Each structure stands twice: as C-alpha cells, then as structure tokens.
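The values are calculated or read from the model by the stated rules, or taken from the named source; none is laboratory data. The structure displayed is predicted, hence computed values, not measured ones. Cβ placement follows ideal geometry from the backbone for every residue including glycine, while neighbour counts extend to all protein chains displayed. Heads up: the accessible areas ignore ligands, DNA and RNA and are worked out on the full protein's heavy atoms, side chains in. Shrake-Rupley method; radii C 1.70, N 1.55, O 1.52, S 1.80 Å.
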Amino acid sequence: MLRLDSSSREQPTIWETVLPPEFFQMNEELTRVDKLLDDDRFFAPFRERFGTCIGRPTTAVATYLRMMYLKRRYQLGYEVLVKEVKDSIMWRRFCHLSLSERVPDSTTLIKLTHKYGEETVRAVNEALVLKLKEGKVVRGKKLRIDTTVVESDIHYPTDTGLLSDGVRVVTRVASRLKKLIPGVGSQFVRHTRKVKKIYLSLMKVMKARTGNDDSVLKKARNELVKITESVIANGRAVQTELGLLEKKSALVGQLARQLGEWIEATGQVVQQTKEVIRGNRHLPRRLVSLFDTDARPIKRGKSRADTEFGRKVLIGETDHGIITTYEVLAENPADVTLLKTVVRVHRRLFRKRLKAVAGDRGFYSQANEDWLRDSGVRQVSIPARGKIGQERRSYQKQSWFKRLQRFRAGVEARISLLKRRFGLRRSLIRGSTGTDISVGHGIFAHNLWQAQRI
C-alpha cells in the first residue's frame, strides 16, 4: 500500500514535548527544501503509478524523496545515508521521521529506487520545474544547451581483460549450478586460475614494454581466446543438461538465464578479439563491458580529452541555473541532431515564453537556425562551424549574440557542478535505465538545492 507521508507529523511525540525545541531545528537549506517539497504535486506521479490500497504500507514517499536528496546532496552511499539519518535528529526531522520511527533500510531504498523507475523521477523533476514557473522563480525565456558523458561503473576495457571477465562469470554461474543440481556440469573444467596467471603476467610485460613488438600480446590473446572458447563450449553443455531437467526451481531458472546471457556476451568478446588479431580495429558495435553491454566509447570534442565509456546526456538549462530538460541518449548522436528535442521539451513546459537559445557550434546548422526562428525564437546564438563570411562574422559580433554566448558558457560550469557534487560523473546503477534513474535523481537534487538558494 502506497504511503505518501509519515503519520508522525499529525501529532507531537513524547520526545518533542520533553527535549528543547533547539534539538529539532533544521538549518536554512533543509528548511527551504522541506518547504519546497511540501506540495501534493510531488505525490501525483507516485499515486498514478503505484496507488494501490492493499498490502503492507511502503516507506512514505515524502521520506523517500528527502532521503534521496540527502544522498545526492552529500554524495553518500545507501548504508552511510541510513546511518547518518539514524544519528541526526535534524535529518530525522527533515525526512519526516520521529525519534521512535524506524529509518528505512538501505536495501529498501535500493528496491524503491528501481521500482519507481526513470519515468517517475522525470515526472517529479517536471513537477518541480512547473512549481518554480508558477511561483515566477524562473521564467524560461532563455535556454542554454550542452551535452556531457556520464560514465558507467566499469573498468577500462581491454580485449584480454574482457576475456578474463567472461571466463570468470561463466565459471561462477556454472559452479553454482553444479552445487545446486548433482550431476549437472560434471564435465565443466575451471580455468580461472590459469586465465588469471596469463592476465597478470601479460600486465607485467605491458608495463615493461618499450618497443613495438606485439608478439607477446598476440600470443596471450590467442591463448586466452582458446581458453574462453573452451569455457563457452562447456557452458553450452551445461545449458543442454539443464534443458533435459523436468522440474527446475526458481533459483535454477534464474541462474540458467544468467548463464545464457554471460555466454552470449562472452562469445561476442571472442569474436571482436579475433577481429582485432586479424588487424581490424574499427568495430562499430564493440562491446566494452560484460556488465553494462549498452555502454559506448565516447570521445568528446575537446583537445586532449580521453575516451569515456558510458552514455551521452543532453542537458537544457534556463535562467537562474534550473535544469528544465535532460535526456540520456543511446549511442553517440551528433549534437546538431539534438537541438529540436531539447527545445520541444522546454516549450512544452513553458509554452511560448522561449525567446533566446544559446549553444556551442556543435548544435549549428542552417536548418536548425531557421527552425528556431520559425518557432518564434527571436535570438539564436549558435556560432557557425568552419570558415565564415563577412556577413556571418558581422552577425556574430552583435552585442546580444556575444551576451548570449557568455550566458551559454555558464552551462559548462553547471555540468562541472553536477559531476562534482551531485553524482553525474559516474552512474552506479547498471544499464541505460539505471543511468536514466541516476541522472534524474542527481538533477532533481541539484534543482532543489538551486531553488532554495534563489
């Protein structure tokens, strides 16, 4: 049963009547954030999707939103967050928890985060933006846009590293199945120690290598490929044995699905490693992680920028530093194809108030500029790419164009702030859906923090 707010707010507890009131006072930031969140519109997305009246009462939505704000605001893990809320009377007060109430467990918060999903987080973000618009805190007349990369929680991908990961996970699942079902996987041979030995010896060679001789690397790759193919064959034999079973428990069925997923991903790693050995290094759908198969290598358009492995995120920011739109993108589309998406979402929230759009030259095309003007945007400040003529140079030297470019530069600092203080540097939730949830919570916490400042 969905519970929206804590029942402890209805009447004071015995502790509130005995202890001095100074014990329960919150600082200015938490007081303002609590006032912002004290609005029924933030409960609407949860009520529409999870408004059931049967079953055990859930953790109050008001408590969940406030705990997630504290988590992102102070960059805490779930277990540390629970511990800090337990130990702080002020944080308990902020989270609408009395001294006699139990703080939600860390596993409960993790399950609720996955259960509510990315759509609910996006709806809560839009509710906050609309609340700020109705309160005339932001007007939405100006929009600056940019893209960034949110990294996945994976190690740096190498062919040998991915092969060793594949051997390890396939062997781990097969070993669990052997313990659960006697007789299944009796022919499965563990190669993890051998693979680890080859991998560690290869790392020593790579650190000491000074020339261009790749013979040791090629030999190690070929050996690892042969071992991995043997492990995949043994894993498929285990799958065949599982298919002959008449009855399987839920745990066995889950492990069988995991084994199939790992075998498929490891097989893809073997194929792409063989292509690299042949000399083909241009693989369009190269797998960079077994644990996050949708993560992509993204090279940002900055000089000396390293390749990042994760997902591209589109961000649209309006006046006073409030982020109105965000989108976790598949693959690595060009910025020029993303401008219409962010402008349409912003206009849906602010109707016809948009008067100026600013972006870097990656968003420029004559078609985009014409589309913005036809849509009613008076000032379009996006520098043209390449060599420009005298007419375009004069256009870009106008005072309003330069002023909007200075306004655009602020989005770079905003992205840096999101990465440093609100967890957008790396997503600790796997998959595209997990990244969407992680980015949504980070932006929601940032908007709350920024709103209470202004």
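Considering only segment 293-301, I want to know if a residue exists there that is crowded, with 16+ Cβ neighbours inside 10 Å, of a type in the set (D, E, K, R) and out of contact with any His (no Cβ under 9 Å at 6 or more places or on another chain).
Yes, segment 293-301 contains at least one residue that is crowded, with 16+ Cβ neighbours inside 10 Å, of a type in the set (D, E, K, R) and out of contact with any His (no Cβ under 9 Å at 6 or more places or on another chain).
If I ask for residues that are in contact with a Gly (Cβ under 7 Å, 6 or more places away or on another chain) and at negative phi, which ones from segment 59-89 would you list? I'd like the intermediate steps shown before the answer.
Initially, segment 59-89 is screened for residues in contact with a Gly (Cβ under 7 Å, 6 or more places away or on another chain), giving 72, 75.
Arg72, the sole residue that qualifies.
Which of (1) at pLDDT below 90; (2) touching a Lys or Arg at 6+ places or on another chain (Cβ under 9 Å) does Arg296 not meet, given it meets every other one?
Just one mismatch for Arg296, condition (1).
Anything in segment 184-205 that is open to solvent by 60 Å² or more (accessible area, probe 1.4 Å) and not in a helix (DSSP H, G or I)? List them, or say none.
Selection gives Ser186, Gln187, Val189, Arg190.
Give the residue that is modelled with the lowest pLDDT, with candidates limited to residues of segment 237-258 that are within 36 Å of the chain's Cα centre (by Cα) and surrounded by 14 or more Cβ atoms within 10 Å (Cβ to Cβ). Let's see the steps before the verdict.
Initially, segment 237-258 is screened for residues within 36 Å of the chain's Cα centre (by Cα), giving 238-239, 242, 248-258.
Add one more test, that the residue is surrounded by 14 or more Cβ atoms within 10 Å (Cβ to Cβ), and what stays is 238-239, 242, 248, 252, 255-256, 258.
Working: Val238: 89, Gln239: 88, Leu242: 86, Lys248: 79, Val252: 87, Leu255: 90, Ala256: 90, Gln258: 92.
The residue in question is Lys248.
Name the helices (runs of 4 or more DSSP H) wholly within segment 338-454 that hold at least 1 residues that are under 22 Å from the mean Cα position of the chain (by Cα)?
Hits in segment 338-454: 339-350, 399-421, 431-453.
Please tell me if Leu287 is modelled with pLDDT of 90 or more and open to solvent by less than 20 Å² (accessible area, probe 1.4 Å).
Values: modelled with pLDDT of 90 or more: yes; open to solvent by less than 20 Å² (accessible area, probe 1.4 Å): yes.
In short, yes.
Conditions tested, residue by residue: (1) at pLDDT 70 or above; (2) surrounded by 15 or more Cβ atoms within 10 Å (Cβ to Cβ).
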{"site": "Leu2", "(1), (2)": "yes, yes"}
{"site": "Glu10", "(1), (2)": "no, no"}
{"site": "Gln25", "(1), (2)": "yes, no"}
{"site": "Arg32", "(1), (2)": "yes, yes"}
{"site": "Phe43", "(1), (2)": "yes, yes"}
{"site": "Gly51", "(1), (2)": "yes, no"}
{"site": "Met68", "(1), (2)": "yes, yes"}
{"site": "Val82", "(1), (2)": "yes, yes"}
{"site": "Asp87", "(1), (2)": "yes, no"}
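Filter segment 42-56 down to residues that are assigned to a helix (DSSP H, G or I) and of a type in the set (D, E, K, R) and give me whichever is nearest to Tyr116 (Cα to Cα).
Step one: list which residues in segment 42-56 are assigned to a helix (DSSP H, G or I), which gives 42, 44-50.
Subset that is of a type in the set (D, E, K, R): 47-49.
Details: Arg47: 11, Glu48: 11, Arg49: 8 Å.
Filtering segment 42-56 for residues that are assigned to a helix (DSSP H, G or I) and of a type in the set (D, E, K, R), the one nearest to Tyr116 (Cα to Cα) comes out as Arg49.
In segment 92-143, how many residues are part of a helix (DSSP H, G or I) and either in contact (Cβ under 8 Å) with a residue 40 or more places away in the chain or charged (D, E, K, R) (or both)? Even if it seems obvious, please write down each step before you answer.
Step one: of segment 92-143, the residues part of a helix (DSSP H, G or I) are 92-94, 106-134.
Checking the rest, the ones that are also either in contact (Cβ under 8 Å) with a residue 40 or more places away in the chain or charged (D, E, K, R) (or both) come to 92-94, 108-109, 111-134.
Selection size over segment 92-143: 29.
Between a residue in segment 328-353 that is over 23 Å from Glu126 (Cβ atoms) and any residue that is open to solvent by less than 10 Å² (accessible area, probe 1.4 Å) and among the β-branched types (Val, Ile, Thr), which pairs come within a Cβ distance under 6 Å, given they are 6 or more apart or on different chains?
Sorted first by the residue in segment 328-353, then by its partner, the pairs are Asn332/Ile298.
If you scan segment 118-142, which residues turn out to be surrounded by fewer than 16 Cβ atoms within 10 Å (Cβ to Cβ) and either under 20 Å from Leu4 (Cβ atoms) or hydroxyl-bearing (Ser, Thr, Tyr) (or both)?
Glu119, Leu130
Determine which member of the set Arg378, Arg420 is within 29 Å of Val124 (Cβ to Cβ) and surrounded by fewer than 18 Cβ atoms within 10 Å (Cβ to Cβ). Spell out the reasoning first.
Working: Arg378 fails: within 29 Å of Val124 (Cβ to Cβ).
Criteria check complete, one pass: Arg420.
Give the residues of segment 304-337 that are in a loop (DSSP other than H, G, I, E, B) and either in contact with a Gly (Cβ under 7 Å, 6 or more places away or on another chain) or surrounded by 14 or more Cβ atoms within 10 Å (Cβ to Cβ) (or both), sorted by residue number.
Within segment 304-337, the first condition is being in a loop (DSSP other than H, G, I, E, B), and the residues that meet it are 304-306, 318, 322, 330-334.
Residues satisfying the conditions are Thr318, Ile322, Asn332.
Output the number of the condition that Ser164 fails; it satisfies all remaining conditions of (1) touching a helix residue (DSSP H, G or I) at 6+ places or on another chain (Cβ under 7 Å); (2) free of Cβ contacts under 8 Å to residues at least 24 places away in the same chain.
(2)
Cβ-Cβ under 8 Å, sequence separation 6+ or interchain: first residue in segment 32-60 and touching a residue at least 60 places away in the same chain (Cβ under 8 Å), partner outside any helix (DSSP H, G or I) and of a type outside the set (Ser, Thr, Tyr). Which pairs?
Hits for this filter: Asp34/Met26; Phe46/Leu2; Phe46/Leu4; Phe50/Leu2.
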